[in-house]
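Novice: Pasting in a structure now, in C-alpha cells, and then I'll have a few things to ask.
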Amino acid sequence: MSRAKAVQGESGDRLDAVLTRLGLVSERALADALALATGLDQAAPEDFPPAPIGGDLVSSRFLREVSAVPIALCGDRVRVALVDPFDRYVSRALGYAFGVPVQPMVAKAGDVEAALDRLYGAAQGDAAAVEGEADEADLERLKDLASDAPVVRAVNALISRAAELRASDIHAEPSEDGLKVRFRIDGVLQDQETLPPQVKAAFVSRVKVLANLNIAERRLPQDGRMRLAVRGHEIDLRVATSPTLYGESVVLRLLDRSNLTLEFGDLGFDETILPPFLEMLARPHGIVLVTGPTGSGKTTTLYAALAALNAPTRKILTIEDPIEYRLAGVNQTQVSPTIGLTFAAALRSFLRQDPDVMMVGEIRDLETAQVAVQSALTGHTILSTLHTNSAAAAVTRLVDMGMEPFLISSTVNAVLAQRLVRRLCPACRVPHHPGVKELSALGVAARGLGPAPMLWAPRGCEACGHSGFKGRLAILELLPVDDEIARLVLARAEAREIERAAVAAGMRTMLQDGVAKALAGQTTIDEILRVTREE
C-alpha cells in the first residue's frame, strides 16, 4: 500500500487506478467493490451497444479521457458505463451533452476500452506521436525513445488489448510499410493493425528494455522475459527478437497465470481417457511421455499431471526450458547450457536429492533419454515430452535416438499424444446435420452413430468476439505399453504396426477422440481435420 500511495503522489491518479496498474487489485474485484459501495448496477460486455450512441453529441476523445461509454437512451435518461462512478463531472458533462439525466453504471476498465476501440476505432495517437523520432544509429537516442511516454503507452496498450482478447502471442513483424501486428487467438493468427515505419525502432527498443535485452544488438536473435501488471493482475511474457530484411521481428508470448487451468476436464480429458491416464501417473516408477508438435499444449498437460501428483508426501523436481509457470510446492529449475546445466546434467543431479517425481521439459537427445531411463529403473516417476506426430511414433523415435528396445519396453508406462483445437462458443453455436459422406471422409463408419448424428457449427457473438470459438481443448490418444506393445517394441516394429495393435486393444485415436468431441458439441469437424490431416 505504501508503494501505491507513493505512485499516487507522483502521478496524481486516483488510488484505485494505481492499485490496478500495479497489479495489487484486479479490475473485476475493483468493479465489484465500486458497485457495492455505490449501489449501482454493473455493465457486462454484452450490454455495450453495437453502434455509438448519440452520434456527434459527444466526442470519442472525451469518452477516452474520462473512461465512459454511453450504453443506451432509455426514454428521458441515458445509461452510461463508467470506470469511476465517483467522478461527478463526467455525469454532469454527459447529461449536458445529451440533454437528459445520466443513469450511471459501473464497468471494468478493460470492457470500456474494448468498447471504445470497437465503436470509435483503436487509438493510434500514442503510436503516431513517435513518428519520425527513431534514429537507429544512435544508441542513446534509442534509449530515450524507449522511455518516452508515448512509446511506453503504445506498448502497454498493445499488451493490454492482447490480454483482453485472450491472445497467446503477439507478433510484431517489420515490413517496408511499417510494423505489422498480429495476435494469435485460440491458435489462429489474426491481423490487428500496422504501426508507422518510424515507430519500428522505438517499439522494439521499448520491448528490449522491458525484457532486459541488449538494446544495441540488432544483428542476432535474442530471448528474454518480462512481467507486467495488466488489468489488475500480473502477466509473464516471453520475448524473442529476430533480425529480418526490414528490421527486427518481435514475438511476445503471454503467460497469464490467472487463466491457467490445471483441471484435466477443462483441458479435454473425458471419462474414457482420464482414468487410465491417472492410473499410469499413479504407478510408483516408470516414464510417462506426452507428445505432439510445438504449441500443442504438452507443457500444460504436464503441469496438470504434476498438480495431480503434488502432495506433501512427494518431492517433485522439474528441469524446464523455459519455466513457463510457477507451481507451488514444486522445485523448478531452468536449463542453462552456457554453464553446462543441460536436461541430462540436471536430471543426474536430481537423483542425489531423493526425489519421487521428476519432470524433464523435453527429451531431445540420447543422453537425456538414457538418464531418464536409468532414473525410472531406480524407482522414480519421470514425466517428459517428445516431438512426434502420434503416440506410437514416440516409441520408434526413442529407438532411432539409440535407446535399446528392452529398456524402452521395461520403463515407458504410457505415451499420450495430443493436439489443440478451438472450442465452440457455447453461447452461439448452432446445430448442423452432416451427411454420411462427411462422416465417411473422416474415416468414421456412419453406422452406430444414429440415423442423423448432430454436429455443431460456429456463428459468432459478443462473448466470443464474433469468431464463433472461445478457448481451446485437447484431442488425445493414450497408448499404454502393455505386454503386446512391449513385444512389438522388442521386435523393433514400425509405428504403424504398434498403432494397429494398440487400436485393436482399445486405444481411441486422436481422430476418433476429435469426432467424439465434435458430436458432443465441443468443436467442429473442420477443426479436427485441420490438426489431424497429416495423420
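The values are calculated or read from the model by the stated rules, or taken from the named source; none is laboratory data. As the structure is a prediction and not an experimental result, all values here were calculated from the model. Every residue, glycine among them, receives a Cβ derived from its backbone with ideal geometry; neighbour counts consider all protein chains shown. In case anyone asks, the SASA skips ligands and DNA or RNA and just uses the protein heavy atoms, side chains included. Shrake-Rupley method; radii C 1.70, N 1.55, O 1.52, S 1.80 Å.
Novice: Residues of region 500-527 being buried (at least 22 other Cβ atoms within 10 Å of the Cβ) and assigned to a helix (DSSP H, G or I), which ones?
Specialist: 502, 510, 513, 514, 515, 517, 518, 527
Novice: Here is a further query. Do we have any residue at all in region 327-344 that's of a type in the set (Gly, Ala, Ser), in a loop (DSSP other than H, G, I, E, B), touching a helix residue (DSSP H, G or I) at 6+ places or on another chain (Cβ under 8 Å) and surrounded by 15 or more Cβ atoms within 10 Å (Cβ to Cβ)?
Specialist: no
Novice: Does residue 418 satisfy the criteria of being open to solvent by less than 10 Å² (accessible area, probe 1.4 Å) and polar (S, T, N, Q)?
Specialist: yes
Novice: Now for a different question. Looking at 290, 330, can you tell me which residue is at pLDDT 95 or above and either basic (Lys, Arg) or within 24 Å of residue 261 (Cβ to Cβ) (or both)?
Specialist: Among 290, 330, only 290 is at pLDDT 95 or above and either basic (Lys, Arg) or within 24 Å of residue 261 (Cβ to Cβ) (or both).
Novice: Can I ask one more? Checking residue 272 against (1) more than 21 Å from residue 373 (Cα to Cα); (2) within 16 Å of the chain's Cα centre (by Cα); (3) at pLDDT below 95: exactly one of these is not met. Which one?
Specialist: Checking residue 272 against (1) more than 21 Å from residue 373 (Cα to Cα); (2) within 16 Å of the chain's Cα centre (by Cα); (3) at pLDDT below 95, the one that fails is (2).
Novice: Oh, and also: Could you list, in sequence order, the residues of region 383-411 that are under 11 Å from residue 287 (Cβ atoms), open to solvent by 30 Å² or more (accessible area, probe 1.4 Å) and of a type in the set (A, V, I, L, M, F, W, C)?
Specialist: 407
Novice: Moving on. May I ask you to verify whether residue 55 is loosely packed, with under 14 Cβ neighbours inside 10 Å, over 27 Å from residue 465 (Cα atoms) and free of Cβ contacts under 8 Å to residues at least 24 places away in the same chain?
Specialist: Taking the combined requirement at face value, the residue does not satisfy it.
Novice: Sticking with this one: Within the group 301, 294, 241, which residue is open to solvent by 10 Å² or more (accessible area, probe 1.4 Å) and either in a helix (DSSP H, G or I) or in contact (Cβ under 8 Å) with a residue 24 or more places away in the chain (or both)?
Specialist: The match here is 294.
Novice: Here is a list: 347, 317. Which entry is assigned to a strand (DSSP E or B), open to solvent by less than 10 Å² (accessible area, probe 1.4 Å) and in contact with a strand residue (DSSP E or B) (Cβ under 9 Å, 6 or more places away or on another chain)?
Specialist: When all the criteria are applied, what remains is 317.
Novice: Keeping to region 310-327, report how many residues are of a type in the set (Val, Ile, Thr) and modelled with pLDDT under 90.
Specialist: 1
Novice: Going through 272, 261, 291, 244 one at a time, which residue ends up being within 26 Å of residue 364 (Cα to Cα) and of a type in the set (Ser, Thr, Tyr)?
Specialist: None of the other options fit; the residue is 291.
Novice: Restricting to region 89-118, name every residue that is more than 29 Å from the chain's Cα centre (by Cα), under 20 Å from residue 50 (Cβ atoms), touching a residue at least 40 places away in the same chain (Cβ under 8 Å) and not in a helix (DSSP H, G or I).
Specialist: Residue satisfying the conditions is 105 alone.
Novice: How about region 480-499: which of its residues are of a type outside the set (Asp, Glu) and either open to solvent by less than 60 Å² (accessible area, probe 1.4 Å) or closer than 30 Å to residue 455 by Cβ (or both)?
Specialist: 480, 481, 485, 486, 488, 489, 493, 495, 496, 498
Novice: Hey, can you tell me all the residues within region 164-194 that are assigned to a loop (DSSP other than H, G, I, E, B), acidic (Asp, Glu) and open to solvent by less than 20 Å² (accessible area, probe 1.4 Å)?
Specialist: Result: 186, single match.
Novice: In addition: I'm checking my understanding of the structure. Among residues of region 252-269 that are buried (at least 16 other Cβ atoms within 10 Å of the Cβ) and in contact (Cβ under 8 Å) with a residue 60 or more places away in the chain, which one is nearest to residue 206 (Cα to Cα)?
Specialist: Out of the qualifying residues, it is 252.
Novice: I would also like to ask the following. Could you go through region 51-65 and let me know if any residue there is among the basic types (Lys, Arg), closer than 25 Å to residue 463 by Cβ, touching a strand residue (DSSP E or B) at 6+ places or on another chain (Cβ under 9 Å) and outside any loop (DSSP other than H, G, I, E, B).
Specialist: The answer is no, given that none of the residues of region 51-65 is among the basic types (Lys, Arg), closer than 25 Å to residue 463 by Cβ, touching a strand residue (DSSP E or B) at 6+ places or on another chain (Cβ under 9 Å) and outside any loop (DSSP other than H, G, I, E, B).
Novice: When only residues in region 195-222 that are in contact with a Ser or Thr (Cβ under 8 Å, 6 or more places away or on another chain) and either in a strand (DSSP E or B) or without any contact (Cβ under 8 Å) to a residue 24 or more places away in the chain (or both) count, which is most open to solvent (accessible area, probe 1.4 Å)?
Specialist: Result: 221.
Novice: Tell me the residue from 355, 458 that is open to solvent by 40 Å² or more (accessible area, probe 1.4 Å), at pLDDT 90 or above and not basic (Lys, Arg), please.
Specialist: None of the other options fit; the residue is 458.
Novice: May I ask you to verify whether residue 80 is among the hydrophobic types (A, V, I, L, M, F, W, C), at pLDDT below 85 and not in a helix (DSSP H, G or I)?
Specialist: For residue 80, the condition - among the hydrophobic types (A, V, I, L, M, F, W, C), at pLDDT below 85 and not in a helix (DSSP H, G or I) - is not met.
Novice: Restricted to region 229-269, and to residues that are among the basic types (Lys, Arg) and within 13 Å of the chain's Cα centre (by Cα), which residue is nearest to residue 181 (Cα to Cα)?
Specialist: 253
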